[in-house]
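Down below is the structure, laid out as structure tokens.
Read the figures in this text as sums done on the coordinates, not as results from a lab. It should be emphasised that the depicted structure is a prediction, and the values quoted were computed from it without experimental measurement. Here the Cβ positions follow ideal geometry from the backbone for every residue, glycine too, while neighbour counts run over all protein chains shown.
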Amino acid sequence: MSMFRYVKVNTLVKSMGLVLVLYGQQSFAASVQLDSIIVNATKQDTPASKVDAAILVKTAEELALAGVTEVADLEKVFPGLLIQTRGNRTYASASVRGINSPNFYSPAINVLVDGVKQDNAFITQKLINVERVEFLKGSQGSLYGTNAQAGVINIITKVPTNDFVSLKAVGGDFNLSDFTVSAGLNKKKSSHLFSINNGASTGYKFNTDYNITNVFYSANFDFQTSCFGFSRPKIPQKRTLSIMAGLTERKFGANGFYSSPLFKDQYEEIQTSVLGLNYQFRISSMTKVVAKAYWRRNQDEYVFLRFQPEVFRNMHIGNTGGINFNAVSYNKIGQTGFGADISRVWIQSNNLGNRTRNIQTAFLEHKFSLAKDRLHITPGVQASYYSDFGSVFLPGVDANYTLNNSVSFFGNIGQTYRVPTYTDLFYQGRTNIGNPDLKPEIALSYEAGVRVLEKGFKFQASYFVREGSNTIDWTRTSAMDPWQPNNLIKLNTNGLDVDFSMNETWIPSGNAYFGFNFGYTYLDQETTVDNGLLSAYALENLNYQLTSALSFTTSNLAFSVNYRYSDRVNLDDYSIVDTRLAYNFTVNGKGRQITTFGEVSNVFNQEYRETNLVIMPGRWFRIGISYHPKENKKFDREIKSVRRF
């Protein structure tokens, strides 16, 4: 039996398992100017128009309009992002610009929540209490190190601005039910958010049922204090302490999810816990510091036969604990960012044994502002030490040139790095064996692009190149041999991606909008496998991908249609159409709203696969209703004064 699923151990960090409320406070016709958004994924807060890489940002309103309710849905709105899921979407991996990973728990893209790194398991999580999502494409090794080969997804959560209670209920085909309760409390110097969610379904075919429960709590405490400078008076400042705790439990049937479609009785239960502290302060008027401490625990139990667990069972318990800080200092020659992270990962596994990894990381970058602040150049480097692989240095340089108020050019070059997982190194099975002699894989990436921002219009295009060496892939010489990972793959990629969007007012009052989005990604990938070996993953990538969306919104009505087409190297092409209709009305004029909605996934009942194992569900109907507070009038006026892209 294959180990491509039997062993799932996170070698770096386990998913935080958060539930993030997306539908909290909606106004369908609200719009946000892209240039007014400050991007946090760069670690130096930067206006989206001046980011030195291809960047896409979607607000909560845009995500709700597109029917994006979980991380795996983001491929609807982010061109170049491919989410590969299995059936009931309880297990997924991400690929960006054709870059993926042969191991689920060592992804090629970093997923962050408020700047805290997650792993691939987070891709299956619900989006609740989200302010916006940032998608930073391309190599980010100098900032985020390992696993940032293809880019970064940063999910920014909301902080409650008033007291509220929100309720949501969804039902649909295959006995789908999904219920969420969320509450917020806002005081003068503190805010609190609590949510609980449960989703369940009997599944779209035998043994694809699931039951998922998420509990989440966060709090923010603001207080005034003073900081001291050399020979300076005390400087008043605001300090913020944030607390976060979450628990996720997933139970699901895994018919054909792992190893072979013939294995129909597989079953899995995963429980993830998280606790995090975040302290933000200034040590001077020109230097801001964010310090964090975190702990995550993940327990994963897998059985080959659901009702005969004694036949084959894997149990893995992983913990990650660490502290880090990031600082930004403004000075006469620009802006300096620096930080460090110290973490320890330890696992207990009945297959891989007990293992520990210690990691120390530091990064430094400086942004130079030249040509009357039109040209920004940011060199940077990250240095990491792994207790089992030694030291690595990942340099990079980013640049952005602003031609005028609408047009800017960007470019970057950087190195990325990925260490082998414990599965890659130590697994022993009948059809798969690990390779303790594996080396980390490394790649050099280049990118150049142009960005155009006008009122009601956005265009972005970029050309990219990636040269990969020592790429890890599972290979074998013939169908009779076991699979084994080797550093035998050379993977070079070049391509183009384009993103275009517009939003036009239909009536003079400005309360009705027509929106159109278009995205295209083209890839030309050269793969070399030494000695004629057969590859398990080298061809799991796109040739090209097209996404588009049409939407019509008013203050009470929202209608959207989303289309995506994927042409892949070794799997059949597919086209998927989704649609959503929602109506919003106020309850007794008291500032509380009820939203009713209906949505259809895979409208034309297309048969397709996102991986080579599992046929995805056909047409799936869902209807729902939510009760939530209306946005305050001042905020609503401010948000409507600009246009969303």
* State the extension gain, in nm to one decimal, for the chain segment bounded by Phe206 and Ser575, taking 0.36 nm per residue of separation less the distance between their alpha-carbons. => 130.3 nm
* **Asn556-Gln360 pseudo-label distance in nm [points 7 Å out on the Cα-to-Cβ vector]** => 6.4
* Using every Cα-Cα pair within segment 260-335, state what percent have a distance larger than 14 Å. => 72
* Structure fact -> Straight-line reach check, Lys168, cutoff 19 Å on alpha carbons, 8 or more apart in-chain or any other chain, hits among aspartates and glutamates -> Glu61, Glu62, Glu70, Asp73, Glu131, Asp178, Glu599, Glu631
* For the peptides 359-368, 403-412, what is the packing order when you average, over each peptide's residues, the other Cβ atoms within 10 Å and list the highest mean first? -> 359-368, 403-412
* Asked: How much length is gained if the chain between Asn404 and Val452 is pulled fully straight, taking 0.36 nm per residue apart and subtracting their Cα-Cα distance, in nm to one decimal?
  -> 16.3 nm
* Cα→Cβ-extended label distance, 7 Å offset, between Tyr627 and Arg592, nm -> 0.6
* **Per-pair calculated FRET efficiency, R0 = 25 Å: Ala245 and Phe281 via Cβ, rounded to 0.05** => 0.70
* So how far, in whole Å, is the C-alpha centre of segment 437-513 from the one of segment 287-360? -> 25
* **FRET efficiency, Lys490 to Phe516 (Cβ-Cβ, R0 45 Å, nearest 0.05)** => 0.65
* **For segment 428-488, alpha-carbon Rg relative to the globular expectation (2.2 N^0.38 Å, N residues)** => 1.93
* Between their Cα atoms, which of Lys187/Lys455; Lys126/Lys205; Lys158/Lys187; Lys189/Lys292 are more than 27 Å away from each other? -> Lys187/Lys455
* Label segment 145-226 by shape, choosing from rounded, prolate and oblate, from the square roots a ≥ b ≥ c of the eigenvalues of the Cα gyration tensor; if a/c is under 1.5 it is rounded, and otherwise prolate applies when a/b is larger than b/c, oblate when it is not. => oblate
* **Proximal aspartates and glutamates relative to Lys490, as straight alpha-carbon distance under 17 Å, when same-chain residues fewer than 8 apart are discounted** => Glu441, Glu467, Asp473, Asp524, Glu526, Asp530, Glu540
* Asked: How do 563-574, 287-298 rank on mean C-beta neighbours within 10 Å, highest first?
  -> 287-298, 563-574
* Structure fact -> For Lys188, counting only aspartates and glutamates whose alpha-carbon sits under 16 Å away and dropping same-chain residues fewer than eight positions off, the answer is Asp163, Asp222
